[in-house]
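Working notes, structure below.
The values are calculated or read from the model by the stated rules, or taken from the named source; none is laboratory data. If you're wondering where the values come from, they're calculated on a predicted model, not measured in any experiment. Quick reminder, even Gly has a Cβ in these numbers, built from the backbone with ideal geometry, and neighbours come from all protein chains shown. Calculation scope for accessible area: heavy atoms of the full protein, side chains included, ligands and nucleic acids excluded. Shrake-Rupley method; radii C 1.70, N 1.55, O 1.52, S 1.80 Å.
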Amino acid sequence: MLKVINVVGARPNFMKVAPIVDAMKRRKEQFAPLVVHTGQHYDSMMSEAFFRDLNLPEPDVYLGVGSGTHAAQTAAVMAQFEPVVTREKPDWVLVVGDVNSTLACALVCAKLGVKVGHVEAGLRSRDRTMPEEINRLLTDQISDLLFTPSQDAAENLRAEGIPEERIRFVGNIMIDSLFKQLTRAKESPIRQELAVSGQDYAVLTLHRPSNVDNLDTLGRIIDALEEISERLPIVFPVHPRTRKTIAEFGFGERIEKAKGLRLTEPLGYLDFLGLYSRARLVLTDSGGLQEETTVLGIPCLTLRESTERPITVELGTNTIVGTEREKITTAAFAALNGSLTTNRRVPPLWDGNTADRILDALQE
Ligand code: UD1
C-alpha cells in the first residue's frame with residue numbers, strides 16, 4: 001500500500017489531481033491518497049467550485065497560504081508543507097503543473113528525502129521571464145519521477161541531462177478530466193444564461209502577468225477584441241488578477257462600450273467546459289486551454305509569443321499569434337472564415353487513461 005500526498009494549490013491544478021485521486025480511490029488496495037491544498041487560490045470560484053464540479057474530495061489538509069509576492073508565497077507554502085510531510089511520512093508526494101505551489105512542495109520533499117513525482121513534466125516555453133518556466137525547470141530537476149504529457153517534453157528533459165529512468169511518458173492528465181466531465185458539462189445552462197446559445201461566439205481568457213500587468217500590451221489586446229467583438233460576441237470570464245489591472249489602467253469604460261464583449265466572473269469547471277466546447281473560436285493566454293481546444297478540435301489563438309505546449313501547434317488546432325493587434329484580428333477573421341489552416345489531430349496518449357498509467361508507474 002502506497003501512501004501518496006497529492007498537492008493542489010491553484011486553479012489549473014484541480015482538474016489534474018482529480019482523476020489521479022479518483023483512480024487511487026478505485027485502486028484502494030494499492031493506494032492511500034491524501035489531498036493537501038496549499039490555498040494559493042482561495043476565492044470560491046477559483047477553488048471550491050472545482051472541488052464540487054470534479055468530485056474532488058475535500059482536502060485532508062488546507063494550508064491557507066493565500067496571495068503574496070513570489071518569494072513570500074513560495075516560502076509560505078514551504079514552511080506550511082514541511083511539517084505535514086514530516087508528520088504524514090508519505091511514500092510519494094505528487095505535484096502537478098507549474099504554479100508556485102508545485103515548486104515549493106517539490107523542494108520541501110527533495111530536502112526531506114521524500115520521493116516526489118511531477119505530473120506534466122518537461123514542458124518548456126524557453127521564456128525565463130515567465131514565473132511558470134522557472135517553476136517547471138526547477139521542479140523537474142529535483143523530482144524523482146517525471147510524468148510527461150508528450151514526447152517533446154521527454155526530449156527537453158534528456159537535453160537537460162535528466163536520466164532516462166526518471167522519465168515516464170504517460171500522456172495528458174487534464175484530458176482525463178475533460179473526457180470524464182464532457183457529457184455533464186454539455187448540460188450546463190451557461191450558454192442560455194450568457195445569451196449565446198444557438199449562435200456563433202468566441203471565448204476569451206487572459207491572466208498572464210506579461211499580458212495583463214502591462215498597460216501597452218493589455219491596451220493592444222483590447223484594441224483587437226473591440227474589432228473582433230463587432231463580428232461575434234466574445235465571452236470573457238475575468239481572472240481576479242485581470243479584473244484588478246483593468247480597473248487600475250482605466251480600461252473599464254472601453255470594455256463596457258464594446259457591446260460584443262461580455263464579461264463574467266470566473267466560471268467553474270463544468271460551466272466553462274460547457275461554454276468553450278461549443279465556441280467557434282477561443283482566444284487565450286492559458287496553457288491548459290491550448291490543450292483542451294486541441295482535443296475538441298476548436299481553433300485556438302494563443303495571445304503569447306511562445307508556448308510550452310508546441311504539440312498543440314504541430315498536431316492540434318493552436319496558433320501562436322502574439323499580442324499585436326493586427327496579428328490577432330487577422331488570425332481571428334481567418335479562423336472565422338475557415339481559411340486558418342491547422343491540423344486536427346489528438347496527440348498520442350491524450351486518451352483519458354493517464355491517471356492509471358501514473359499509478360502503474362508509482363507501483364512499479
Ligand atoms: C497562478 C499561477 C499561474 C496559473 C494561474 C491560473 C503561479 C506563479 N502562477 O497565477 O501559472 O496559470 O494561477 O489562475 O503560480 N487572487 C484572488 N483570488 C484568488 C487567487 C488570486 O483574488 O483566489 C488575486 C490576488 O490579487 C493575487 C493575484 O490574483 O495576488 C495573483 O494570484 P497568484 O496565485 O499569485 O497568481 P495567478 O495570477 O493566479
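Which numbered condition in (1) small (Gly, Ala, Ser); (2) out of contact with any helix residue (DSSP H, G or I) (no Cβ under 8 Å at 6 or more places or on another chain); (3) part of a loop (DSSP other than H, G, I, E, B) is the only one that residue 121 fails? Residue 121 satisfies all of (1) small (Gly, Ala, Ser); (2) out of contact with any helix residue (DSSP H, G or I) (no Cβ under 8 Å at 6 or more places or on another chain); (3) part of a loop (DSSP other than H, G, I, E, B) except (2). All of (1) without any contact (Cβ under 8 Å) to a residue 40 or more places away in the chain; (2) of a type outside the set (Lys, Arg); (3) on the phi < 0 side of the Ramachandran plot hold for residue 64 with one exception: (3).
Scan the range 305-319 for residues that are open to solvent by 10 Å² or more (accessible area, probe 1.4 Å) and farther than 19 Å from residue 122 by Cβ and the total you get is 2.
Restricted to the range 84-98, and to residues that are among the β-branched types (Val, Ile, Thr) and surrounded by 24 or more Cβ atoms within 10 Å (Cβ to Cβ), which residue is farthest from residue 143 (Cα to Cα)? Restricting to residues being among the β-branched types (Val, Ile, Thr) and surrounded by 24 or more Cβ atoms within 10 Å (Cβ to Cβ), the top hit is 96. Taking (1) of a type in the set (A, V, I, L, M); (2) under 14 Å from residue 191 (Cβ atoms); (3) without any contact (Cβ under 8 Å) to a residue 24 or more places away in the chain in turn, residue 235 satisfies each apart from (3). Restricting the search to helices (runs of 4 or more DSSP H) fully inside the range 171-260 and requiring at least 3 residues that are more than 25 Å from residue 331 (Cα to Cα) and at pLDDT 95 or above gives 173-186, 190-193, 240-248. Of 225, 275, all but one fail to be under 24 Å from residue 189 (Cα atoms) and away from the ligand (no atom under 16 Å from the Cβ); the exception is 275. Within the range 195-208, the residues that satisfy the criterion of being open to solvent by less than 40 Å² (accessible area, probe 1.4 Å), within 16 Å of the ligand (Cβ to nearest atom) and not polar (S, T, N, Q) are 203, 204, 206, 208. Looking at 155, 132, 164, just one residue is modelled with pLDDT of 95 or more, more than 23 Å from residue 295 (Cβ to Cβ) and among the charged types (D, E, K, R), and that residue is 164. In the range 265-320, counting only strands (runs of 3 or more DSSP E) that sit wholly within it, the ones holding 3 or more residues that are touching a residue at least 40 places away in the same chain (Cβ under 8 Å) span 281-284. Residues that are away from the ligand (no atom under 12 Å from the Cβ) and not in a loop (DSSP other than H, G, I, E, B) within the range 29-42 comprise 31, 32, 33, 34, 35, 36, listed in sequence order.
Selection of the range 43-75 for residues being open to solvent by 30 Å² or more (accessible area, probe 1.4 Å), more than 9 Å from the ligand (Cβ to nearest atom) and in a helix (DSSP H, G or I) yields 48, 52, 71, 72, 75.
Filter the range 200-244 for residues that are aliphatic (A, V, I, L, M) and more than 14 Å from residue 255 (Cβ to Cβ); which is farthest from the chain's Cα centre (by Cα)? Among residues in the range 200-244 that are aliphatic (A, V, I, L, M) and more than 14 Å from residue 255 (Cβ to Cβ), the one farthest from the chain's Cα centre (by Cα) is 232. Residue-level analysis places residue 26 outside the set of residues that are surrounded by fewer than 17 Cβ atoms within 10 Å (Cβ to Cβ) and within 16 Å of the ligand (Cβ to nearest atom).
A quick yes/no check of all residues on (1) crowded, with 24+ Cβ neighbours inside 10 Å; (2) away from the ligand (no atom under 13 Å from the Cβ); (3) assigned by TED's automatic domain parsing to the domain that holds residue 355:
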| site | (1), (2), (3) |
| --- | --- |
| 103 | yes, no, yes |
| 107 | no, yes, yes |
| 112 | no, yes, yes |
| 116 | yes, yes, yes |
| 138 | no, no, yes |
| 145 | no, yes, yes |
| 149 | yes, yes, yes |
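In a residue-by-residue description of the range 82-98, the property of being assigned to a helix (DSSP H, G or I) and under 24 Å from the mean Cα position of the chain (by Cα) applies to no position. Is it the case that residue 296 is under 22 Å from residue 324 (Cα atoms) and among the aliphatic types (A, V, I, L, M)? Against the criterion (under 22 Å from residue 324 (Cα atoms) and among the aliphatic types (A, V, I, L, M)), residue 296 does not qualify.
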